[in-house]
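**Student:** Questions regarding the structure given below will be posed in turn.
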Amino acid sequence: ELSPQEYFSSLQAGRASLAYFSRNVSPGAQPFLEQIGNSAEALQDYGISVVKVNCPKEDVSRYCGKENALRKAYLFRGNMLIREFPTDALFDVNSIVANVLFALLFNEVKYVETLADLQNIENTLKGRSNMVFAYVPATGTAEHRAVMEVAFVYGTVHQFVLTTEATLLKDTGNDELDVSSARLLFCHCQQATDLAQPCRRTAMEQALTMLNIHRHLKLMGAPLVTEVAEDPEKVSTVHLQLGLPLVFILSQKETYEADKRTAEFVAWQLLGKAGVALLSRDLVDLNILLRSNVALKTPDEGVPIKYLVLEDTDEVITLVEDKNKVEQIQEDDEEEEDEEEKENNNQDIQDDQVVEAISRDKKRELPLEQILVLTEETFHSTLLDSARTVVLFYASWEAVSLTVLRSYTEVADLLKGTRGVLLSRVNCWDWPGICTKENVTQFPTIRIYEKGERSVMYNGMWGTEELTSFIMLSRVSCPLKLATIEEAEGYLRGEFPSELSSYHHTSVLGVFSTATTE
């Protein structure tokens, strides 16, 4: 805590400080002061001091004089103002550290909003350096802070690019991704020379924490393929040190070029999941190497290296991604024929979880008595009589339908006695006319019909919990009108409306003035 005079005379060239000017601390500013105090230690790690400047009553200078100036925090480098932040943008330690580092790392971390901006940065980096592209749903979050803290260390090595635009994440070829989760991609632009081709990308599969990002960048910086000429037991690489396995492709003089190409192909497929080494049989005198073409070394201490004979690169990749495969490949090949056939049948069932569920359940009778069967005669009258009708359209011959029907019976059991919800089903194999009129084009389909309203189709997972949650959420009007502060606070705590309190859901609250138009 300093006076304005003490603060401005203490500023050193090149050193950053975050200052909050205050005359008399109002109760509303107290939470902010607590958070800025909590962030002081974290910011100190980056050479940034945090200062509360106590303004005398008679001071009418730029930072102390105006009322709105006192609702801001100021970031200085030396005596130069870099950025001013409204205090409500600095709501906790994560947002303070993230926003302060974001402002200071203006050149190291570029913010982009469009695909064209991203491609321009990518093109300028090709042949020169690599890019770290991060998507965060919002700034000021823990993930945003993690990206900024790593950029502080690696910003001179890689170009960091940040966006909060979900469409940009999809434009980078990640259509299936959940845009509510932060994502990070390492873009290998340094070895890209063709402007027409995008940089090769490796996604980080773990959550965006500082440790995980640091680990991912260490892996991206390791050699793609390590060439070794010693006993594999003695070999150690960055992958093993970071808890990942190491795959050895066994080579010899005559096939060296082909083996190297194979090793590089496998290494790209396993980047971030395992290391790849090229081991020369000619230089290492081990008999076992002559009978194998691949070896797998795990990071676990005391576990011997596994030597295997694999037929193609797909098997090598599966070896890393499916741990059970190692044991399977090592099994004795000379089993009796009927044993082998039995094993294959079991494997076929395991490969398809839906078929496995049918295989397991086909001898059990489903308890369907709580689910109303609808026909062409009863379909429309039932919808008119009931306030809310849930309808499962299915085909009795189809595997997924039968599995979903089991979940649906469990939902019916859970919602037994719930007022205002009727669970029903239509077998489209028996009543194709209903399904055609209702434009049901795939099985299974679940829709909720309300009197006088358009039906709502369910697009989520087929689990009992997800289906139950969807049906219960549909009972509440959307948007739900809240009349008091108590209701709003209860809603944000998940306690209001009470019928949703036991179901997991995302809450979105819009706050409008009475003057707002419809």
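The values are calculated or read from the model by the stated rules, or taken from the named source; none is laboratory data. Owing to the predicted nature of the structure, the values given are computational and were not obtained by experimental measurement. Neighbour counts run over all protein chains shown; Cβ positions are idealised from the backbone, glycine included. Each accessible area value is taken on the protein alone, full model and side chains, heavy atoms only, with ligands, DNA and RNA left out. Shrake-Rupley method; radii C 1.70, N 1.55, O 1.52, S 1.80 Å.
**Student:** Can you go through Phe32, Phe91 and tell me which one is touching a residue at least 24 places away in the same chain (Cβ under 8 Å), aromatic (Phe, Trp, Tyr), more than 30 Å from Val157 (Cα to Cα) and part of a helix (DSSP H, G or I)?
**Tutor:** None of the other options fit; the residue is Phe32.
**Student:** Determine, yes or no, whether Lys66 is out of contact with any helix residue (DSSP H, G or I) (no Cβ under 6 Å at 6 or more places or on another chain), assigned to a loop (DSSP other than H, G, I, E, B) and not acidic (Asp, Glu).
**Tutor:** yes
**Student:** Identify, from the list Ser401, Ser396, the residue that is polar (S, T, N, Q), in contact with a strand residue (DSSP E or B) (Cβ under 9 Å, 6 or more places away or on another chain), at pLDDT below 90 and open to solvent by 40 Å² or more (accessible area, probe 1.4 Å).
**Tutor:** Ser396
**Student:** Give the residues of segment 22-53 that are at pLDDT 90 or above and over 27 Å from Thr141 (Cβ atoms), sorted by residue number.
**Tutor:** Residue satisfying the conditions is Val53 alone.
**Student:** Next up: Give me the pairs: first residue in segment 464-493 and assigned by the TED database to the domain that holds Gly510 and farther than 23 Å from Val421 by Cβ, second residue open to solvent by less than 50 Å² (accessible area, probe 1.4 Å) and not charged (D, E, K, R), beta-carbon distance under 8 Å, and six or more apart or on different chains, which are they?
**Tutor:** Listed pairs, sorted by first residue: Leu482/Ala488; Leu482/Tyr491; Leu492/Ser507.
**Student:** Restricting the search to segment 185-215, which residues are under 24 Å from Phe248 (Cβ atoms), in contact (Cβ under 8 Å) with a residue 40 or more places away in the chain and in contact with a Leu (Cβ under 7 Å, 6 or more places away or on another chain)?
**Tutor:** Thr202 - this is the single residue of segment 185-215 that is under 24 Å from Phe248 (Cβ atoms), in contact (Cβ under 8 Å) with a residue 40 or more places away in the chain and in contact with a Leu (Cβ under 7 Å, 6 or more places away or on another chain).
**Student:** Next question, about the same structure. Exactly one condition in (1) surrounded by 14 or more Cβ atoms within 10 Å (Cβ to Cβ); (2) assigned by the TED database to the domain that holds Val391; (3) of a type outside the set (Gly, Ala, Ser) is false for Gln442; which is it?
**Tutor:** If we test Gln442 against (1) surrounded by 14 or more Cβ atoms within 10 Å (Cβ to Cβ); (2) assigned by the TED database to the domain that holds Val391; (3) of a type outside the set (Gly, Ala, Ser), just (1) comes out false.
**Student:** Looking at segment 139-159, is at least one residue aromatic (Phe, Trp, Tyr) and either part of a loop (DSSP other than H, G, I, E, B) or open to solvent by 30 Å² or more (accessible area, probe 1.4 Å) (or both)?
**Tutor:** yes
**Student:** Which of the numbered conditions does Pro497 fail, given that it passes all the others? Conditions: (1) surrounded by 10 or more Cβ atoms within 10 Å (Cβ to Cβ); (2) more than 29 Å from Asp178 (Cα to Cα); (3) modelled with pLDDT under 85.
**Tutor:** Only one criterion in (1) surrounded by 10 or more Cβ atoms within 10 Å (Cβ to Cβ); (2) more than 29 Å from Asp178 (Cα to Cα); (3) modelled with pLDDT under 85 is unmet by Pro497, namely (2).
Okay, residues lined up against (1) at negative phi; (2) open to solvent by 10 Å² or more (accessible area, probe 1.4 Å); (3) of a type in the set (A, V, I, L, M); (4) touching a Pro at 6+ places or on another chain (Cβ under 6 Å):
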site: Lys57; (1), (2), (3), (4): yes, yes, no, no
site: Asn79; (1), (2), (3), (4): yes, yes, no, no
site: Ile82; (1), (2), (3), (4): yes, yes, yes, no
site: Val100; (1), (2), (3), (4): yes, no, yes, no
site: Asn107; (1), (2), (3), (4): yes, yes, no, no
site: Val112; (1), (2), (3), (4): yes, no, yes, no
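**Student:** Next question, about the same structure. What about Pro86, is it touching a residue at least 24 places away in the same chain (Cβ under 8 Å), loosely packed, with under 13 Cβ neighbours inside 10 Å and not assigned by the TED database to the domain that holds His158?
**Tutor:** no
**Student:** Also, quick follow-up: Take Ser9 and tell me if it is hydroxyl-bearing (Ser, Thr, Tyr) and either open to solvent by less than 80 Å² (accessible area, probe 1.4 Å) or touching a residue at least 24 places away in the same chain (Cβ under 8 Å) (or both).
**Tutor:** No: the conditions fail for Ser9.
**Student:** Ok, one more. Kindly indicate the residue of segment 197-214 that is assigned to a loop (DSSP other than H, G, I, E, B) and over 11 Å from the mean Cα position of the chain (by Cα) and also surrounded by the fewest Cβ atoms within 10 Å (Cβ to Cβ) among those meeting that condition.
**Tutor:** Within segment 197-214, the match that is surrounded by the fewest Cβ atoms within 10 Å (Cβ to Cβ) is Gln197.
**Student:** Another question, if that's okay. So, Ile448, is that one hydrophobic (A, V, I, L, M, F, W, C) and either surrounded by fewer than 18 Cβ atoms within 10 Å (Cβ to Cβ) or under 34 Å from the mean Cα position of the chain (by Cα) (or both) or not?
**Tutor:** Spelling it out, Ile448 is indeed hydrophobic (A, V, I, L, M, F, W, C) and either surrounded by fewer than 18 Cβ atoms within 10 Å (Cβ to Cβ) or under 34 Å from the mean Cα position of the chain (by Cα) (or both).
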